[in-house]
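Just below is one structure, and these are the notes that go with it.
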Amino acid sequence: MHFFPSRTRTGILILSALLALPCFLLDPTSCPAGQKQSMATYLGVQACQPCHPQEYQRFITYAKKNRSFESIERLRKGLTAEEVNRCYGCHTTGYGKPGGFVSIEETPLLKNAGCEVCHGPGSIHVQTGSLAAIRRRLSKEECEECHISDRVQTFRFKPLIHGGAH
């Protein structure tokens, strides 16, 4: 399965892997958590499926996040380019972060808000299986990066803890 649809994403993965080598050659679990997250890249929800089939299926079936880009498409006509770009931060995976969503053409696997929005970029976790390479226990503050009270009231939605996957 090919998770990196463009040469740019492949280059980012190779660069990330090279930067991670000193730490991971010694012991992947010994890398500081911040260093692991900063080296990791986004893969998209499909990368989670082989090891987490039940969570993946629940996410695909029930989570509104899995269709979050549709909201942008539906409202795009009435928004400026700047407003659309602000939507990407919560309605896509990793927008504005290294290796995150860029555009439908360059990063189609990241167009919706997927598992990595909450758990962080998954490339190192997928490579090593290390639980330390992803966020497991989320705080209310992390959820409130997107689920702020103004947005909840403005868009009249009731956010669900864990978005239907867990």
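FYI, it's all coordinate maths here, none of it is from the lab. What you see is a predicted model, and the numbers here were worked out from it, not measured in a lab. Neighbour counts run over all protein chains shown; Cβ positions are idealised from the backbone, glycine included.
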FRET efficiency, 1/(1 + (r/R0)^6) with R0 25 Å, evaluated for LEU131 and GLU73 via beta carbons: 0.10
Shape category assigned to the stretch 101-147 from the gyration tensor of Cα positions, a/c cut at 1.5: oblate
Potential lengthening between GLN46 and GLU105 on full extension [0.36 nm per residue; Cα-Cα distance subtracted]: 19.5 nm
GLN57-LEU138 pseudo-label distance in nm [points 7 Å out on the Cα-to-Cβ vector]: 2.2
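Ranking request for peptides 46-59, 131-144, 90-103: highest mean number of other beta-carbon atoms within 10 Å first, then the rest in descending order.
Values: 46-59: 15.5, 131-144: 12.6, 90-103: 20.0.
Descending mean neighbour count gives 90-103, 46-59, 131-144.
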